[in-house]
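The values are calculated or read from the model by the stated rules, or taken from the named source; none is laboratory data. A quick note: this is a predicted structure, and the numbers were derived from the prediction, not measured. Cβ placement follows ideal geometry from the backbone for every residue including glycine, while neighbour counts extend to all protein chains displayed.
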Amino acid sequence: MRVPVLVDWPASVIVNLDELGGPQIVGSTREAAFLLMQFWPTRRGQAFGEALRLCADALDAHVDPKVARRAFLKAAEEAGIVVRLH
């Protein structure tokens, strides 16, 4: 399953989501928010909540997408699913 691409990040983040069959390239706030809400391996953790909030704020143009990207990366690190950065 692929999420529609809307590139708004300066560099992609690759995360390993077993439910989706392995590595996923995430290049936008919209993709990140979708994955956090639908396929994230754990709904616990401070970084997860912060990433979800900041992705929503970025989608509403209240924060820069780069801020959402950093928060998403922290949530992925917290969940132990970061593969690499592009």
query: Residues in segment 30-74 that are touching an Asp or Glu at 6+ places or on another chain (Cβ under 7 Å), of a type in the set (A, V, I, L, M) and under 17 Å from residue 15 (Cβ atoms): how many?
result: 2
field: Residue, farthest from the chain's Cα centre (by Cα), within segment 41-54, restricted to residues that are closer than 20 Å to residue 83 by Cα and crowded, with 21+ Cβ neighbours inside 10 Å
entry: 48
- request: With a cut-off of at least 1 residues that are without any contact (Cβ under 8 Å) to a residue 60 or more places away in the chain and touching a Gly at 6+ places or on another chain (Cβ under 6 Å), name the helices (runs of 4 or more DSSP H) lying wholly within the chain.
  value: 65-79
message: Give me the residue from segment 55-75 that is touching a helix residue (DSSP H, G or I) at 6+ places or on another chain (Cβ under 8 Å) and within 19 Å of residue 20 (Cβ to Cβ) and, out of that set, surrounded by the most Cβ atoms within 10 Å (Cβ to Cβ).
response: 72
- prompt: Just to be sure, is residue 50 within 12 Å of residue 73 (Cβ to Cβ) and not aliphatic (A, V, I, L, M)?
  reply: yes
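Looking only at segment 33-86, which residues are basic (Lys, Arg) and at pLDDT 95 or above?
Selection gives 53, 66, 69, 70, 74.
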